[in-house]
Amino acid sequence: MVAAFSDVVLDAFQSQISQRALIGGLLAATTTALVGTWVVVRGLAFFGDALAHGVLPGIALAAIWGFDLTLGALVSALVMVGGVNLVNRTTRLSDDTGIGLLFVGMLALGVVILSREATFTGDLTGFLFGDVLGVRSDEIRLGIVALVITIIGLVAGHRSFLALAVNRDKAETLGLKPGLAHAALLTLLAVSVVSSFRVVGTLLVFGFLVAPPASAVLIVRRIPVAMAAAVLFGWSSVVLGLIVSYHHDTAASATIAGLAVAQFFVVLIVTETQHWRQRRRVAELA
């Protein structure tokens, strides 16, 4: 039984393609889980979703003009962040309104740009849904750099991020510069999205960014512990997703993202069942 299970796992990772996919997926899962924990805690999920879609115009233009796709995605992400801040500062509209407008506008613009170029129309699926089995060495190096930047940024900004999550006004009185901390967190979010879209695509990176951290927050409270748990949830979805994809011939990136979301609902059911049992015991004792 154990030998058969071992063969199932090892068979999925025999080729160099699957090994690079595993490394690239683990790097993306780690980076997005670390930043995604703050996204979930701060309630920035909608912005994370919008940013994941908002990089498409930059990717499209970079592909057409022959530039590096990562550079195009980064520029587009910065435009998205700047646009949201502009709407927030110059109008009475809520953050959600500005994010929603830019979300739809940037995604539509990217699709229109790609649809005008027959050569790249076929690449739209790859941009949106990724190709984890097509991960190359340079993308792995990018993932390592992004992970290092993310870890340094999160460690350096932990106190400010924590104060900002608890009370923005209190963070201001403590001299922690909440505006700068918010901008730094959004920058780290952009880095995680840009470094991960080549692995799981612009649509599915949001699942990576939110699902593992959401699963972790259901079972732990302290931020560092939640980050560690989110990374483990992300890693398990990558490994299991690649195994399922190999043996059942499913889309690898979508399988990984789908399993990440499925994990959340499994954890939710387990935790809610435990809470129900605890409430029932309390009721019986009363």
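The values are calculated or read from the model by the stated rules, or taken from the named source; none is laboratory data. Owing to the predicted nature of the structure, the values given are computational and were not obtained by experimental measurement. Ideal geometry is used to build each Cβ from the backbone, glycine not excepted, and the neighbour counts take in all protein chains shown. Note: accessible area is taken over every heavy atom of the protein model, side chains too, but ligands, DNA and RNA are not part of it. Shrake-Rupley method; radii C 1.70, N 1.55, O 1.52, S 1.80 Å.
Please work out if Val220 is modelled with pLDDT of 80 or more and under 24 Å from Thr255 (Cα atoms).
Answer is no for this residue.
Taken as a whole, the condition of being outside any helix (DSSP H, G or I), without any contact (Cβ under 8 Å) to a residue 24 or more places away in the chain and within 26 Å of Arg136 (Cα to Cα) does not apply to Gln19.
So if I check each of Ala29, Ala45, which one is of a type in the set (A, V, I, L, M), closer than 26 Å to Ala165 by Cβ and open to solvent by 30 Å² or more (accessible area, probe 1.4 Å)?
Ala45
Of the numbered conditions (1) open to solvent by 20 Å² or more (accessible area, probe 1.4 Å); (2) part of a helix (DSSP H, G or I), Arg221 fails exactly one; give the number of that condition. Of the numbered conditions (1) open to solvent by 20 Å² or more (accessible area, probe 1.4 Å); (2) part of a helix (DSSP H, G or I), the odd one out for Arg221 is (2). Looking at the range 115-199, the helices (runs of 4 or more DSSP H) lying wholly inside it that each contain 2 or more residues that are at pLDDT below 85 and open to solvent by less than 40 Å² (accessible area, probe 1.4 Å) sit at 124-129, 137-166.
Step by step: first the residues of the range 56-84, then only those that are of a type outside the set (D, E, K, R), open to solvent by 30 Å² or more (accessible area, probe 1.4 Å) and free of Cβ contacts under 8 Å to residues at least 40 places away in the same chain, then the one that is nearest to Leu142 (Cα to Cα). Which residue is that?
Leu71
Restricting the range 13-25 to residues that are open to solvent by 50 Å² or more (accessible area, probe 1.4 Å) and not β-branched (Val, Ile, Thr) leaves a set whose member that is nearest to the chain's Cα centre (by Cα) is Arg20.
Just the residues that are at pLDDT 85 or above and open to solvent by less than 10 Å² (accessible area, probe 1.4 Å), please, taken from the range 200-210. Of everything in the range 200-210, those that are at pLDDT 85 or above and open to solvent by less than 10 Å² (accessible area, probe 1.4 Å) turn out to be Phe208, Leu209.
Would it be correct to say that Thr97 is over 20 Å from Leu209 (Cβ atoms), out of contact with any Gly (no Cβ under 9 Å at 6 or more places or on another chain) and free of Cβ contacts under 8 Å to residues at least 24 places away in the same chain? Walk me through how you get there before you give the answer.
Numbers: over 20 Å from Leu209 (Cβ atoms): yes; out of contact with any Gly (no Cβ under 9 Å at 6 or more places or on another chain): yes; free of Cβ contacts under 8 Å to residues at least 24 places away in the same chain: yes.
Yes: the conditions hold for Thr97.
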